[in-house]
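The values are calculated or read from the model by the stated rules, or taken from the named source; none is laboratory data. The shown structure was predicted, so the numbers you read here are calculated from the model rather than taken from an experiment. Cβ: placed from backbone, ideal geometry, glycine included. Neighbour counts: every protein chain shown.
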Amino acid sequence: MLILGHELINSDVFYKINNFDEVKKTASNSIVIIKFDGKLILELIKNKVKFAVLVDNLKEAIFSESLKAKYIIANNLNLAIEIQKLADNYLYDSKNIFIINSDDELETVAKNKIDGVLYIYSIKNIN
């Protein structure tokens, strides 16, 4: 299980962005998190920016995998479970990540065999 953004574990640095111009405000080795947006994803790919996609449904997860997102992120446990079923069946390269608030949620995520977690407090916002 991947544990991303926990203070004890070294992991990628995540920046939530809303548009391509905000990429310039992120660290060069970071992962940008975006809400699903096909045009923005294509711009990130064109510029070789590593990205994660916050998805609201299975269709967005399927497209995110096809577009080579490093991480597919859900903030709804039921959606994360459904994405994991697809990921296991189709052998996704993208990792299925569930956003959590605290260590108390780790067991639930592990029992549902989701690829990993991302602590919400570790996500940096561009202001």
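Restricting to the range 4-29, what's the tally of residues that are over 12 Å from the mean Cα position of the chain (by Cα) and either part of a helix (DSSP H, G or I) or more than 13 Å from residue 49 (Cβ to Cβ) (or both)? So the answer is 13. Of all residues in the range 47-61, those satisfying the criterion of being aliphatic (A, V, I, L, M) and either within 13 Å of the chain's Cα centre (by Cα) or on the phi > 0 side of the Ramachandran plot (or both) are 52, 53, 54, 55, 61.
Taken residue by residue, the range 109-125 has at least one member that is of a type in the set (Lys, Arg), touching a helix residue (DSSP H, G or I) at 6+ places or on another chain (Cβ under 8 Å) and over 20 Å from residue 23 (Cβ atoms).
Of the candidates 85, 25, 124, 113, the single residue that is closer than 18 Å to residue 2 by Cα and in contact (Cβ under 8 Å) with a residue 24 or more places away in the chain is 113. Within the range 20-38, being over 20 Å from residue 75 (Cα atoms), touching an Asp or Glu at 6+ places or on another chain (Cβ under 9 Å) and not hydroxyl-bearing (Ser, Thr, Tyr) holds for 20, 23, 29. For the range 70-127, which residues satisfy the criterion of being more than 17 Å from residue 31 (Cβ to Cβ), of a type in the set (D, E, K, R) and outside any loop (DSSP other than H, G, I, E, B)? If the condition is that a residue be more than 17 Å from residue 31 (Cβ to Cβ), of a type in the set (D, E, K, R) and outside any loop (DSSP other than H, G, I, E, B), then 82, 85, 88, 103, 104, 105, 107, 111 are the ones that fit. The requirement of being more than 14 Å from residue 94 (Cα to Cα), in contact with a strand residue (DSSP E or B) (Cβ under 9 Å, 6 or more places away or on another chain) and in contact (Cβ under 8 Å) with a residue 40 or more places away in the chain is not satisfied by residue 35. Inside the range 72-92, residues that are among the charged types (D, E, K, R) and at pLDDT 95 or above make up a count of 2.
So which of 48, 59, 39 is loosely packed, with under 13 Cβ neighbours inside 10 Å and in a loop (DSSP other than H, G, I, E, B)?
Values: 59 fails: in a loop (DSSP other than H, G, I, E, B); 39 fails: in a loop (DSSP other than H, G, I, E, B).
Going through 48, 59, 39 in turn, just one is loosely packed, with under 13 Cβ neighbours inside 10 Å and in a loop (DSSP other than H, G, I, E, B): 48.
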